[in-house]
Amino acid sequence: MANQIPLSGASNAAGAYLLPDAQGALLTNGLLKEAGAIELCGDARATSSRREVFPIYLGQPTASFVGEGARKPVTGAELGQATLTVKKVATIVLMTDELREDLANGDFDALVDGGVRTAIRDVIDANMVGKAAGANITTNFDNALRATTATVELANTGGDRLRLAISAAMGILEANGYGNPANMGLLLAADINQHVRDARSAADATNPVYDDADPFYGIQRAFSTNLNTISTTTAAGKIVAFLVHRPNLHLRIRRDVTVAVTNEATVNDGTSDRFLFQEDMQGLRWVTRIGFVVHDLNRAVIAITDAA
């Protein structure tokens with residue numbers, strides 16, 4: 001039967017355990033791979049805490065010549081701290097005992113487990129972005145990419161308008177002291193690849209504009225279905241991409257995606273209570289605990305908008 005219990009960003013809970021480094025890597029490189037914004041986090045690791053406070057670097061250092069015995073200038077950078085709170089993401093799928101037995105031959109992983117993990121990846125990505133399927137949401141994390149005040153507007157015309165917007169966003173990061181392209185990351189709308197393939201200029205409607213292997217300056221890229229698609233009509237709040245300084249995106253994993261099974265509980269499917277033992281049903285519960293925060297958000301994250 002279809003799962004009617006929604007994914008939720010629940011309140012903090014006690015417990016859990018420290019993940020070994022290899023297990024933390026399994027989550028970020030395996031289970032949650034191709035998860036949109038999570039791919040761009042330059043600081044991703046396991047944690048044993050519900051809340052983690054860690055030092056961060058703010059501003060851009062400066063230096064100058066000084067005379068012997070003269071006062072030394074104070075640099076334009078300083079150390080600060082960021083706070084990250086671990087959140088819980090969970091869902092329950094109901095199925096009959098008979099269906100569970102039928103899926104015991106290995107189809108279970110592909111049919112149910114894979115789909116649930118995809119849903120978990122999507123809700124995590126939505127809360128990191130601050131959008132779900134193009135609609136603004138309030139994040140359950142400490143902040144979200146959408147909260148940045150730094151924006152670049154996509155031009156109305158020109159086959160290479162996306163590339164020019166990305167270049168302008170790179171210029172803002174460079175001016176803010178985050179100029180190394182190796183540390184930059186692009187989070188793009190799901191239909192960007194088609195846009196790149198189909199882009200033509202007004203002067204030449206036959207040949208593609210993006211005819212090179214990498215049209216976006218070698219920057220690491222990821223894609224999110226939660227961003228507004230570039231093909232939709234312009235509108236206030238429409239965001240088709242983010243350019244980020246990846247080291248400023250912090251991800252902490254306290255608990256890998258785990259699954260537990262019971263046939264003795266009573267659960268609510270969104271409409272009514274289900275008595276699992278009485279109805280010959282099983283409830284499969286997936287849980288993960290993960291936290292996300294961006295420091296220096298307004299200088300390290302540039303939104304590419306299509307509002308006008």
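To keep it simple, each residue is scored yes or no on (1) at pLDDT 90 or above; (2) part of a helix (DSSP H, G or I); (3) not assigned by TED's automatic domain parsing to the domain that holds Thr266.
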| residue | (1), (2), (3) |
| --- | --- |
| Val74 | no, no, yes |
| Thr91 | no, no, no |
| Met95 | no, no, no |
| Leu111 | no, yes, no |
| Gly114 | no, yes, no |
| Ile124 | yes, yes, no |
| Met128 | yes, yes, no |
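Might you let me know whether the stretch 254-270 holds any residue that is out of contact with any strand residue (DSSP E or B) (no Cβ under 8 Å at 6 or more places or on another chain) and either outside any strand (DSSP E or B) or among the aromatic types (Phe, Trp, Tyr) (or both)? So far as the stretch 254-270 goes, yes, one or more of its residues are out of contact with any strand residue (DSSP E or B) (no Cβ under 8 Å at 6 or more places or on another chain) and either outside any strand (DSSP E or B) or among the aromatic types (Phe, Trp, Tyr) (or both). Does the stretch 240-261 contain at least one residue that is over 22 Å from Ile38 (Cβ atoms) and assigned by TED's automatic domain parsing to the domain that holds Met128? Yes, the stretch 240-261 contains at least one residue that is over 22 Å from Ile38 (Cβ atoms) and assigned by TED's automatic domain parsing to the domain that holds Met128. Residues that are surrounded by fewer than 17 Cβ atoms within 10 Å (Cβ to Cβ), assigned to a strand (DSSP E or B) and not small (Gly, Ala, Ser) do not occur anywhere in the stretch 240-253. Checking the conditions here, which among Glu68, Glu34 is assigned to a loop (DSSP other than H, G, I, E, B), surrounded by fewer than 13 Cβ atoms within 10 Å (Cβ to Cβ) and modelled with pLDDT under 80? When all the criteria are applied, what remains is Glu34. Of the strands (runs of 3 or more DSSP E) entirely within the stretch 133-237, those holding at least 3 residues that are modelled with pLDDT of 90 or more, surrounded by 13 or more Cβ atoms within 10 Å (Cβ to Cβ) and not hydroxyl-bearing (Ser, Thr, Tyr) occupy 184-189, 220-224.
Within the stretch 271-308, the set of residues being farther than 21 Å from Thr91 by Cβ and without any contact (Cβ under 8 Å) to a residue 12 or more places away in the chain comprises just one member, Gln278. Between a residue in the stretch 158-170 that is in the same structural domain as Ala182 (by TED's automatic domain parsing) and any residue that is assigned to a helix (DSSP H, G or I) and buried (at least 16 other Cβ atoms within 10 Å of the Cβ), which pairs come within a Cβ distance under 7 Å, given they are 6 or more apart or on different chains? Correct list of pairs: Leu162/His195. Just one of the numbered conditions (1) under 25 Å from Ile172 (Cα atoms); (2) buried (at least 17 other Cβ atoms within 10 Å of the Cβ); (3) hydrophobic (A, V, I, L, M, F, W, C) is not true of Val257: (1). Out of all the residues in the stretch 275-284, is one or more over 18 Å from Leu99 (Cα atoms), in contact with a strand residue (DSSP E or B) (Cβ under 8 Å, 6 or more places away or on another chain), assigned to a strand (DSSP E or B) and not assigned by TED's automatic domain parsing to the domain that holds Leu162? No, the stretch 275-284 contains no residue that is over 18 Å from Leu99 (Cα atoms), in contact with a strand residue (DSSP E or B) (Cβ under 8 Å, 6 or more places away or on another chain), assigned to a strand (DSSP E or B) and not assigned by TED's automatic domain parsing to the domain that holds Leu162.
Residues in the stretch 285-308 that are surrounded by fewer than 18 Cβ atoms within 10 Å (Cβ to Cβ) and assigned to a strand (DSSP E or B): Arg285 alone.
The values are calculated or read from the model by the stated rules, or taken from the named source; none is laboratory data. Computed from a prediction, not measured in an experiment: that's the story for all the values here. Cβ sites come from the backbone with ideal geometry, for glycine too, and all protein chains shown count toward neighbours.
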